[in-house]
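Participant: Please read through the structure below; I'll follow up with questions.
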Ligand SMILES: Nc1ncnc2c1ncn2[C@@H]1O[C@H](COP(=O)(O)OP(=O)(O)OP(=O)(O)O)[C@@H](O)[C@H]1O
Ligand SMILES: [Mg+2]
């Protein structure tokens with residue numbers, strides 16, 4: 001059993017897209033998958049609540065194109081208390097985290113219960129620079145954890161043949177982060193996938209899922225990116 005949180009500091013960094021595609025990849029590999037929608041997003045907004053359907057963006061995606069694995073809605077800061085028992089029935093639990101800066105209680109709870117954090121990062125200076133505050137949050141919660149969190153950067157929204165991907169890899173590895181070899185390209189396939197059925201086999205998300213699983217297998221108990 002393994003629990004991944006797909007997380008980052010800011011909104012709009014492809015957390016939901018990555019969590020959903022990784023969950024499909026794991027399911028297609030034959031793993032028993034639980035996806036946790038932990039992002040309240042606008043769903044619990046106090047502004048015009050009647051305009052919302054009560055679902056987070058993962059739940060909304062599932063409502064349009066039902067996922068072939070279990071999904072639970074738990075946008076709460078009790079994930080670290082609730083999930084160990086729930087996740088025991090699954091091979092892999094994937095948490096779609098809200099942005100850390102907007103919902104710190106929930107995102108930190110996810111970082112406490114997960115054994116692995118996957119950080120989707122675009123190869124831009126802004127997103128690369130934000131890994132420092134993300135790792136500061138990880139360091140802050142380390143005393144609350146029984147084991148060290150395994151962390152990895154999943155580069156995504158990469159433009160083919162652009163220098164930016166190499167530059168980002170250089171900067172991230174230079175700063176001590178583990179960067180997955182699988183890289184998610186910037187494609188309409190992903191941009192338009194919210195609410196649509198997903199087949200991950202043959203895509204970079206299948207490679208990324210296999211890589212993160214291997215990371216856990218190889219580096220059980222040891223640490224950070
Ligand atoms: N590989 C990709 N190529 C092109 N567009 C992408 C890719 N991945 C994600 N996107 C687009 O980027 C936007 C943000 O993605 P997503 O909703 O997954 O981010 P998020 O981090 O979950 O955001 P939030 O913090 O608001 O929940 C979406 O419009 C999505 O379709
Ligand atoms: Mg999201």
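Read-outs throughout are calculated quantities, based only on the coordinates presented, and are distinct from any laboratory measurement. All values reported here derive from a predicted model rather than from experimental measurement. As a convention, Cβ positions derive from the backbone with ideal geometry for all residues, glycine included, and neighbour counts pool all protein chains shown.
Participant: Taking Cα pairs under 8 Å and at least six residues apart, what relative contact order does the chain come out at, in percent?
Facilitator: In percent, rounded to a whole number, it is 27.
Participant: In what sequence, highest mean first, do 203-212, 92-101 appear when ranked by Cβ atoms within 10 angstrom?
Facilitator: Peptide ranking by packing, descending: 92-101, 203-212.
Participant: Label points 7 Å out from Cα along the Cβ direction at residue 104 and residue 85: separation in nm?
Facilitator: Between residue 104 and residue 85, the label points sit 2.9 nm apart.
Participant: When the chain is fully extended, how far beyond the present Cα-Cα distance does residue 29 get from residue 63, taking 0.36 nm per residue of separation?
Facilitator: Computed gain between residue 29 and residue 63 is 9.9 nm.
Participant: Also, I was wondering about something else. Using the per-residue mean of other Cβ atoms lying within 10 Å as a proxy for protection, in what order, highest first, do the peptides 119-130, 171-182 fall?
Facilitator: 119-130, 171-182
Participant: When you count, for each residue, the other Cβ atoms within 10 Å and take the mean per peptide, how do 77-90, 56-69 rank with the highest first?
Facilitator: My ranking of the peptides, most packed first, is 56-69, 77-90.
Participant: Calculate for the chain the 222 nm mean residue ellipticity that helices alone would give, adding -39,500 (n - 2.57) per DSSP H run of length 4 or more and normalising by residue count, nearest 500 deg cm²/dmol.
Facilitator: -11500 deg cm²/dmol
Participant: Here's something else I'd like to know. If the elastic network links every pair of Cα atoms under 10 Å, which of 23, 146, 110 fluctuates the most in the Gaussian network model of the chain?
Facilitator: Between 23, 146, 110, it is 146 that shows the largest mean-square fluctuation.
Participant: Would you please classify the overall shape of the chain from the alpha carbon gyration tensor, given that a ≥ b ≥ c denote the square roots of the eigenvalues, rounded means a/c under 1.5, and beyond that prolate means a/b larger than b/c while oblate covers the rest?
Facilitator: Taking the square roots of the gyration eigenvalues as a ≥ b ≥ c, the chain is rounded.
Participant: If you stretched the chain out fully between residue 178 and residue 211, how much longer would it get, using 0.36 nm times the residue separation minus the C-alpha to C-alpha distance?
Facilitator: Full extension of this stretch gives 10.7 nm more.
Participant: I've got another one for you. Specify whether the C-alpha gyration tensor of region 47-154 places it in the rounded, prolate or oblate class, a ≥ b ≥ c being the square roots of the eigenvalues: rounded for a/c under 1.5, otherwise prolate if a/b is larger than b/c and oblate if not.
Facilitator: It is oblate, given that a/c is not under 1.5 and a/b is not larger than b/c.
Participant: Given Cα pairs under 8 Å that are at least 6 residues apart, what percent is the relative contact order of region 106-157?
Facilitator: Relative contact order comes out at 57 percent.
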